[in-house]
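The values are calculated or read from the model by the stated rules, or taken from the named source; none is laboratory data. All values derive from a computational prediction rather than experimental measurement. Here the Cβ positions follow ideal geometry from the backbone for every residue, glycine too, while neighbour counts run over all protein chains shown. Just so you know, the surface numbers come from the protein's heavy atoms only, side chains and all, with ligands and any DNA or RNA stripped out. Shrake-Rupley method; radii C 1.70, N 1.55, O 1.52, S 1.80 Å.
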Amino acid sequence: MIVKTERDREGMRAASRVVKAALDAAEKFIKVGVTTLEIDAVVEEVIRSYGATPSSKGFQGYPNASCISVNDVVVHGIPSLRTVKDGDIVSVDITALLNGYQGDAARTFPVGNVSPKNLALIAAAKSAFEAGMEYAKAGNKVGDVSSAVQLYSELNGYGVVRALTGHGIGHKMHEPPEVPNFGKRNTGAPLKSGLCICVEPMITSGDWRVYIERDGWTVRTADGSNAAHYENTVIITDGAPEILTL
Ligand code: MF3
Ligand code: CO
Ligand code: CO
């Protein structure tokens, strides 16, 4: 969506605030021994407490309010009776619909005593997003953001997942343009002032290749290396981007 009115801008902000509140509640709740289904229940409760709806639930048959992806699961992990363990890294990805507007964001949280290597992986996903933000302004192209994310990640030794991308967002969770985490400068769709996009690096501490499990959702690294995911909903402007889900 290209935000043209203050009403649209406020709508996107409000939906994004719901997502951020749900992420914060998940972060507080996550500890050794909780199941990923229990985390999902907290997320759904927070979303509904704002009068919003969890967009993921029922999206192409997806069963839950959040995607919860542990360790070598990259994204789209389905909440289950699996408990989180000391040393795990847990990605939580949430999309909420409020008054016709979508917000979408993800974080990767460490559980208990997490190895320095895994903590660095989590930090790198955020830094890769921030590298992308340096180029996220009107007049640039999607490829400028994509290449910045890719360069940051690969120069620091991480694999960049290619099977999934960021995306435009607005009244629908996924709108044009696609926003890959890899690509070349000065290519792709132009970034216009008011364009709403989700930028969401998915990086691994090993190879970038992934596969989808037989459940049709769970995306796992092919080599078993861990992955981190960091996503925000962003509005492009002539200056610094407005990041709605911080
Ligand atoms: N939140 C995801 C994204 O970042 C999409 C969720 S897929 C769903 O694009 F099936 F869980 F909805
Ligand atoms: Co998401
Ligand atoms: Co997204």
Residue by residue through the stretch 124-142, note down the ones that are over 14 Å from the mean Cα position of the chain (by Cα) and open to solvent by 50 Å² or more (accessible area, probe 1.4 Å). E134, Y135, K137, G139, K141
Could you tell me whether K31 is away from ligand 3 (no atom under 16 Å from the Cβ) and of a type in the set (K, R)? yes
Considering the stretch 214-244 alone, what residues qualify as being in a loop (DSSP other than H, G, I, E, B), crowded, with 23+ Cβ neighbours inside 10 Å and within 13 Å of ligand 1 (Cβ to nearest atom)? Y230
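So, restricting to strands (runs of 3 or more DSSP E) that lie completely within the stretch 154-213, which ones have at least 2 residues that are free of Cβ contacts under 8 Å to residues at least 60 places away in the same chain and either in contact with a helix residue (DSSP H, G or I) (Cβ under 8 Å, 6 or more places away or on another chain) or away from ligand 1 (no atom under 16 Å from the Cβ) (or both)? Talk me through it step by step, then tell me what you get.
Working: elements: 166-168, 175-179, 196-199, 202-204, 210-212.
Output list reads 175-179.
Answer with yes or no whether S193 is away from ligand 2 (no atom under 16 Å from the Cβ) and either open to solvent by less than 30 Å² (accessible area, probe 1.4 Å) or within 19 Å of the chain's Cα centre (by Cα) (or both). So that I can check it myself, show each step before the final result.
Values: away from ligand 2 (no atom under 16 Å from the Cβ): yes; either open to solvent by less than 30 Å² (accessible area, probe 1.4 Å) or within 19 Å of the chain's Cα centre (by Cα) (or both): no.
No, not satisfied.
Which one of these is of a type in the set (V, I, T), open to solvent by less than 60 Å² (accessible area, probe 1.4 Å) and more than 16 Å from ligand 2 (Cβ to nearest atom): V149, V161, V111? Give the steps one after another, and end with the answer.
Values: V149 fails: more than 16 Å from ligand 2 (Cβ to nearest atom); V161 fails: more than 16 Å from ligand 2 (Cβ to nearest atom).
Exactly one residue qualifies, and that residue is V111.
Looking only at residues that are among the small types (G, A, S) and within 16 Å of ligand 3 (Cβ to nearest atom) in the stretch 76-118, which one is nearest to T204 (Cα to Cα)? Talk me through it step by step, then tell me what you get.
Filtering the stretch 76-118 for residues among the small types (G, A, S) gives 77, 80, 87, 91, 96, 100, 103, 105-106, 112, 115.
Subset that is within 16 Å of ligand 3 (Cβ to nearest atom): 77, 91, 96, 103, 105-106.
On the way: G77: 16, S91: 13, A96: 26, G103: 25, A105: 18, A106: 15 Å.
This residue is S91.
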Give me a count of the residues in the stretch 164-179 that are open to solvent by 30 Å² or more (accessible area, probe 1.4 Å) and of a type outside the set (S, T, Y). 7
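With N113, N99 as the choices, which residue is more than 18 Å from the chain's Cα centre (by Cα) and either among the β-branched types (V, I, T) or within 19 Å of T233 (Cα to Cα) (or both)?
Values: N113 fails: either among the β-branched types (V, I, T) or within 19 Å of T233 (Cα to Cα) (or both).
Going through N113, N99 in turn, just one is more than 18 Å from the chain's Cα centre (by Cα) and either among the β-branched types (V, I, T) or within 19 Å of T233 (Cα to Cα) (or both): N99.
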